[in-house]
Structures are given as structure tokens and as C-alpha cells.
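Novice: Handing you this structure, nothing more for now.
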Amino acid sequence: MSDETYMKMALECAQKGCGWVNPNPMVGAVVVKDGRVIGMGYHQRYGELHAERNALAACTESPQNATMYVTLEPCCHYGKTPPCTEAILKSGVRRVVVGTVDPNPLVAGKGIQVLRQHGIEVTEGVLREACDALNVVFFHFIQTRMPYVLMKYAMTMDGKIATRSGQSKWITGETSRRHVQEDRHRYSGIMVGIGTILADDPLLTCRLPDGRNPVRIVCDSRLRTPLSARVVQTVGKAATILATCLQDEALARPYRDAGCDVLTLPSKDGHVDLRKLMTALGKKEIDSVLLEGGSVLNWSALQSGVVNKVQAYVAPKLFGGADAKSPVGGIGVEDPKKAFRLAPPQVTRLGEDILLESEVLTCSQES
């Protein structure tokens, strides 16, 4: 079989770590000897062994003179685990096929260099696009130290996220709603505004049986979150961060006593400065945020330039109503030339619904 075939196997292995390895990358490895797969492994949990060591440990026979396929360049530094290059050199592997180079400044080509200096043949760039796509979040975070932000909303075909009375359950079908839960498992944090908390009192957890709950982040400039809110009452189940502009310890203390993390940040236009918030979340190793806010927060996030990708679930329904809300509120742009530009969307059919996904290209507001 070809290098591409074995790298596809490694990619499938890597996916198994989705949601559990953040802020580390998903990585898979396959060891092949004489045309036979003798070991497979992936990075299973943050802080645990990396894919290469797990694959070598799983080998059914000696990996001497074998070829290892790994989706991301092996690390060459000591972190929570020893360098993977060290394990590869000790194993006797003769050749290593790498999907993509690790942009982490601690690695960034050094792992490949170490292997070559010790006589191991290294082939780079096999299925690079697929390997890059696997770790878009990690690449963004390791290079910026700010979370990758996915702005998600569900709307009707006439662009409404709720009826004129404010009702929104349910716009999309069960298949779309399950996909949202998978993203809640995948992303480190989930963020809403105080309006969503006051209107819906959401739990903001992952509903999948074997899922991981994201850290819940509430943009609450004036600390109006009720102490009885579910995001406060269930901090034992999922962590909650309240982002505020108020510098009032007396008001913050009850939330801290309840177990919430209260972040006091600078304000911008009377609300929490979202760029400062992203910097603060990055320092807490939150590498990604699923933005499930309302139209006001969505507009603020776009204006702040913190949104990296937009997800629009579109249901074959029409609500109508001049006063029914659209996904992005605020004042909006005046000139079409000032629009927020998105990449051509990836289109996925989810039951009766359609999911449109686009990377944010430019924000002409800041030009």
C-alpha cells in the first residue's frame, strides 16, 4: 500500500482524540513493517503519552527497520511527556513519514532535523492538507495564544433566529442539534452573553453520553447573572467564567463563593473588551471557543475581529416578521464594501437542514 493509505489510517487514529487533547493537537501514528501494520496509536488525553509512543507500545513485533507514519512532526522537547524523537530513535524505526510540520516554536522543524541527524529517513508533506485541516484550532492557538472562535447560529431560510415573540426552539432538526453537541465536545469553551442567560437560563453542557463539557463563558459586563442561574448552580459539573467590567469585589464574591471564575476586564463601548477576553482565555489554556450568543454578541465579536469561522445551520422554514431577529444585530455595515468577507462555504446536508461553514477572511472595519 502507498504512503497516502497509511497516512489516512493515522488520520483516522488521530480523530479519536477529538475533544480530549486540547490544547494539544490531535495526532495519530501507524507503524508498518514489511507491508504489515504492526502498531497504531494516537494522543488520547492532554498530559498523557503522545501518538508515537502509544503506537510503538502497541507494536506486535519489533519496530526495527520499520516505517512510522505520523500526522504531525514528532516533538523534540520535554513537556508533560518526554520527546517523541527520543522514543523513535530508541525503537530502531528506519523511516518516518510526516504529514505536516509542527508550528510550535519548540518544534517547528527541529524534530525532523533531529531524526535526520541520526540517520533516519524522513518524508514530509504526505496528505498535508488533510493533516493541516485536522488541527486548525491548534495551529491558530499555538501561533497567537488566543482561542480559535467559531460563531454558530441556526436560522430559517428567511434569515431569522427566532420568531417575533422571541421563540427559537426548535429551528433545526435532531441531526443538526446532535452536530452542535459534537462541537460542544470538540471546543474547549462555549460563550454566550448575559441576554441569553436571562432569557433562556441555558445549561450549556455537552449532551453526548461520552462527551466532555466545555468551559462556560458568560459576557456579563455588569454582573447581572442570577445566582440561581444554572451556569452558576452547576459549576461542579462544568466550569463557569463570568467576564465583567465591574471592579466590585463585593458583587463578585458571591459568584466566586459559588465556584465561578470572575474575570474583570477593560471595557470597550460599555461592554467587555472581547479581544482582552480572548487574551485572558488563552492564558487559561482555552484554545477554542464556540460562540453561541445572540445577535448583539455576534455583532460585537465580529467588530472586535475575534471570529475565525462562521457556522450557519439553515432550516427549510420561514418565520417572517420585520421585528424577528437575524443572526447578527448591532448597527451593521453601511456600505456593502465594508462587509465582513467569508471564504466560499463548505456545505453539509444534515437531515432536512443545511450547514454552511466559512472561514472569516477579512474585517474591513479595521482597515
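The values are calculated or read from the model by the stated rules, or taken from the named source; none is laboratory data. Just so it is clear, the structure is predicted and the values come from calculations on it, not from any experiment. Note that we place each Cβ from the backbone using ideal geometry, even for glycine, and neighbour counts take in every protein chain shown. Surface areas here come from the heavy atoms of the whole protein model, side chains and all, with no ligands, DNA or RNA. Shrake-Rupley method; radii C 1.70, N 1.55, O 1.52, S 1.80 Å.
Novice: Could you state the angle between the C-alpha long axis of helix 174-186 and the longest principal axis of the C-alpha atoms of the chain, as a value from 0 to 90 degrees rounded to the nearest 10?
Specialist: For 174-186 against the chain, the angle is about 60 degrees.
Novice: Stokes-Einstein D for region 176-245 at 37 °C, 0.692 mPa s, Kirkwood Rh over Cα pairs, in µm²/s? Could you put the intermediate results ahead of the total?
Specialist: Details: Rh = 12.3 Å.
The calculation lands on 267 µm²/s.
Novice: Okay, moving on. Quick one: 3J(HN,Hα) in Hz for region 87-97, Karplus 6.51/-1.76/1.60 with θ = phi - 60°, rounded, Gly and Pro as x.
Specialist: Each residue of region 87-97 in turn: 5, 5, 5, 6, 6, x, 4, 8, 9, 10, 10 Hz.
Novice: Taking the solvent-accessible surface of protein heavy atoms with a 1.4 Å probe, what is the per residue accessible area of the chain in Å²? Can you show the working numbers first?
Specialist: Working: 17520 Å² over 367 residues.
I get 48 Å² per residue for the chain.
Novice: Could you work out the helix-only [θ] at 222 nm for the chain, with each DSSP H run of four or more residues adding -39,500 (n - 2.57) and the total divided by the number of residues, to the nearest 500 deg cm²/dmol?
Specialist: -8000 deg cm²/dmol
Novice: Tell me the Kirkwood radius of region 68-116: reciprocal of the mean inverse pair distance over distinct alpha-carbon atoms, in Å.
Specialist: Result for region 68-116 stands at 10.7 Å.
Novice: A further question on this structure: Work out the charge dipole of the chain with +1 on the Cβ of Lys and Arg and -1 on the Cβ of Asp and Glu about the Cα centre, then indicate which of GLN247, ALA133, PRO209 is farthest towards its positive end.
Specialist: GLN247
Novice: Given the C-alpha centroids of region 14-57 and region 122-166, what is the distance between them in whole angstrom?
Specialist: Cα centroid of region 14-57 versus Cα centroid of region 122-166: 23 Å apart.
Novice: Amide H of ALA162: which non-local residues (sequence gap of 5 or more, or other chain) have their own amide H closer than 5 Å, using H built in the peptide plane?
Specialist: The list, which skips near neighbours in sequence, is LYS325.
Novice: Could you list which residues have their amide H under 5 Å from that of GLY189, counting only those 5 or more apart in sequence or on another chain, with H placed in the peptide plane?
Specialist: Amide H to amide H, under 5 Å and 5 or more residues apart or across chains, GLY189 pairs with VAL215, SER288, VAL289, LEU290.
Novice: Where the Cα atoms of region 1-41 are projected onto their three principal axes, how long is each span, largest first, in whole Å?
Specialist: 35, 17, 12
Novice: Given the protein chains as shown and a 1.4 Å probe, how many square angstrom of GLU292 are accessible, to the nearest 10?
Specialist: 30 Å²
Novice: How much of the accessible area of the chain, probe 1.4 Å, is carbon plus sulfur, in whole percent?
Specialist: Details: 8750 of 17520 Å².
C and S atoms contribute 50 percent here.
Novice: Okay, moving on. Using Cα atoms only, what is the angle between the long axis of helix 295-304 and the major principal axis of the chain, expressed in degrees (0 to 90) to the nearest 10?
Specialist: That works out to roughly 60 degrees.
Novice: Kindly report, to the nearest 10 Å², the accessible surface of SER168 as traced by a 1.4 Å probe over protein heavy atoms only.
Specialist: 50 Å²
Novice: Between LYS90 and LYS284, take the C-beta separation as r, use R0 = 35 Å, and let me know the FRET efficiency to the nearest 0.05. All intermediate terms of the calculation are to be shown ahead of the outcome.
Specialist: Working: r = 36 Å, r/R0 = 1.02.
In this case the efficiency is close to 0.50.
Novice: Binned at 10 Å from 0, what are the whole-percent values of the Cα-Cα distance distribution for region 167-295, short to long?
Specialist: Once binned at 10 Å, the Cα pair distances of region 167-295 give 12, 44, 34, 9, 0.
Novice: Related question: Using the structure shown, select from LYS268/LYS338; LYS80/LYS152; LYS16/LYS110; LYS237/LYS276 the pairs with a Cα to Cα distance greater than 23 angstrom.
Specialist: Numbers: LYS268/LYS338 21 Å; LYS80/LYS152 33 Å; LYS16/LYS110 26 Å; LYS237/LYS276 27 Å.
From the list (LYS268/LYS338; LYS80/LYS152; LYS16/LYS110; LYS237/LYS276), the Cα-Cα distance tops 23 Å for LYS80/LYS152; LYS16/LYS110; LYS237/LYS276.
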